[in-house]
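Structure first, then comments.
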Amino acid sequence: MSGTEVAAWRARLPEAFAPPPRRRLWRALVAAAFLAWLGWALAQFGFTPARLWQGLSGLAAILRLMLPPSPGALWGDILRGLAESVAMALLGTVVAALLALPLGFLGARNLVTATLLRFSIRRLFDGFRGIDQLIWALAYVRAVGLGPLAGVLAIATADIAVLAKLYAEAIEAVERRQVEGVAAAGGGWAERLRFGVLPQVLPVMLAQALYFFESNTRAAAILGVVGAGGIGLQIAERIRVRAWDEVAFIILLMIVTVAAIDWLSAWLRQRLIGGRR
């Protein structure tokens, strides 16, 4: 393409070659405002290069103390705590999935035509999703005492609303012709749900529950720090006495456990909704 042709195209489509001066000025002002806000926010949190360097130096010292990782003398307690965390995650996820199933049907737009009822249920989901598992754990530790029961209740309570919302969205996306076929064969409301809706959404629901089981296995370690049982209690005790080599061993053990659960969950999801490869 010759220079004359380029000049002709530039005159015809100037914005394709460069934005106009007004737009460039606007972008520069927005970028300057963002940088000013970012600097103000960092100053409010006491961010300084010296403080950052000091923190990184302390982190490097802790990492040096973690090597080599060691199970310590109480390695049996570590294994029991890890098994407790996995059990907490599994029980909490199962309870949440079972309770979320009917709530998901109630929150689906294509099944519940009463707008006020559906709106109220959806807003209830939003309210519960706004409370983190850690907050629920602190409340349940106060209510039922220290131990894994508080962790199971916290995981279940925090996940019910999230799973119910995901289930409701999956139900809203079902193929209507299958439901209409059950209705044409004389099926009532219960039969339409059982044979028209549930077969379509059950694999997706199980896959979503498996995802939450993976996430809750990691979350259970944090819940133990506040007294909800599990491996988090073992981590908190060893951090308190500065046994960083044992902390490193627990972290490696958790990574292996989560990786194993992730592999198993992926295999199950592939069997449920992906088929064999």
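Run down Arg80, Arg64, Arg51 and say which single residue is charged (D, E, K, R) and either farther than 27 Å from Glu237 by Cβ or open to solvent by less than 40 Å² (accessible area, probe 1.4 Å) (or both).
Arg51
Just one of the listed residues (Glu246, Glu214, Glu169, Glu180) is in the same structural domain as Ala139 (by TED's automatic domain parsing) and within 24 Å of Gly72 (Cα to Cα), namely Glu246.
With the condition being within 17 Å of the chain's Cα centre (by Cα) and at pLDDT 80 or above, I'd like the helices (runs of 4 or more DSSP H) fully within region 157-270 carrying at least 1 qualifying residues. Explain how you work it out, then say what you get.
On the way: elements: 176-184, 198-225, 231-240, 244-269.
Helices (runs of 4 or more DSSP H) meeting the threshold: 198-225, 244-269.
The set of residues in region 226-237 that are surrounded by 18 or more Cβ atoms within 10 Å (Cβ to Cβ) and without any contact (Cβ under 8 Å) to a residue 40 or more places away in the chain contains only Ile235. Screening Pro19 against (1) in contact with a helix residue (DSSP H, G or I) (Cβ under 8 Å, 6 or more places away or on another chain); (2) outside any helix (DSSP H, G or I); (3) in the same structural domain as Glu180 (by TED's automatic domain parsing) leaves a single unmet condition, (3).
Within region 121-173, the set of residues being farther than 28 Å from Pro203 by Cβ, open to solvent by less than 60 Å² (accessible area, probe 1.4 Å) and not aliphatic (A, V, I, L, M) comprises Gly127, Trp136, Tyr140, Gly145, Gly147, Pro148, Gly151. Every condition in (1) over 30 Å from Arg238 (Cα atoms); (2) open to solvent by less than 90 Å² (accessible area, probe 1.4 Å); (3) of a type in the set (A, V, I, L, M, F, W, C) holds for Leu29 except the one numbered (2). Of the residues in region 104-116, at least one is within 27 Å of the chain's Cα centre (by Cα), over 22 Å from Ala156 (Cβ atoms) and surrounded by fewer than 19 Cβ atoms within 10 Å (Cβ to Cβ). Checked against (1) more than 17 Å from Thr217 (Cα to Cα); (2) open to solvent by 60 Å² or more (accessible area, probe 1.4 Å), Val95 meets all criteria but (1). Based on this model, can you work out whether Leu35 counts as part of a helix (DSSP H, G or I) and open to solvent by 90 Å² or more (accessible area, probe 1.4 Å)? Taking the combined requirement at face value, the residue satisfies it.
The values are calculated or read from the model by the stated rules, or taken from the named source; none is laboratory data. These numbers were taken from a predicted model, which means no experiment stands behind them. As a convention, Cβ positions derive from the backbone with ideal geometry for all residues, glycine included, and neighbour counts pool all protein chains shown. SASA here: full protein model, heavy atoms, side chains in, ligands and nucleic acids out. Shrake-Rupley method; radii C 1.70, N 1.55, O 1.52, S 1.80 Å.
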